[in-house]
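Step one of this worksheet: look at the structure below.
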Amino acid sequence: PEVVADAALMVDPYDASAIAAAIREIDADCDLRADLAARGPTQAQRFAPELYRERLQAVYDRFL
């Protein structure tokens with residue numbers, strides 16, 4: 001959840017039937033696909049290298 005947030009469906013990675021159900025749900029629902037596709041780039045931007053550098057620098061600045 002900390003990586004995908006609301007940009008993906010969450011399933012138990014050890015439950016094959018849950019994975020299959022999520023795939024079927026995404027396949028059958030074009031609005032859901034569009035919504036997740038729109039949310040993906042926004043969520044991915046949270047992990048951009050420049051933002052990581054800023055957060056890491058803030059940690060070092062705190063202790064220097």
Kindly state, to the nearest 0.05, the FRET efficiency for Val59 paired with Val4, given R0 = 25 Å and r defined as their beta-carbon distance.
-> 0.55
For segment 1-45, what is the per residue volume of the convex hull drawn over the alpha-carbon atoms, in cubic angstrom?
-> 57 Å³
Which net charge results when you count Lys and Arg as +1 and Asp and Glu as -1 among the other residues whose beta-carbon is under 15 Å from that of Ala5?
-> -1
Acute angle (nearest 10 degrees) that the helix 16-28 long axis makes with the longest principal axis of the chain, alpha-carbon atoms = 80 degrees
With axes computed from alpha carbons, what is the tilt in degrees of helix 30-45 against the longest principal axis of the chain, rounded to the nearest 10 within 0 to 90?
-> 10 degrees
PRE reach from Phe47 (point 7 Å along Cα→Cβ): which of segment 4-38 fall under 13 Å by backbone N?
-> 4-8
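Here, each number is a calculation from the coordinates, and none is a lab measurement. Here the structure is a predicted model, which means the values were calculated and not measured. All Cβ positions, even for glycine, are placed from backbone atoms using ideal geometry, and neighbour counts span all protein chains on display.
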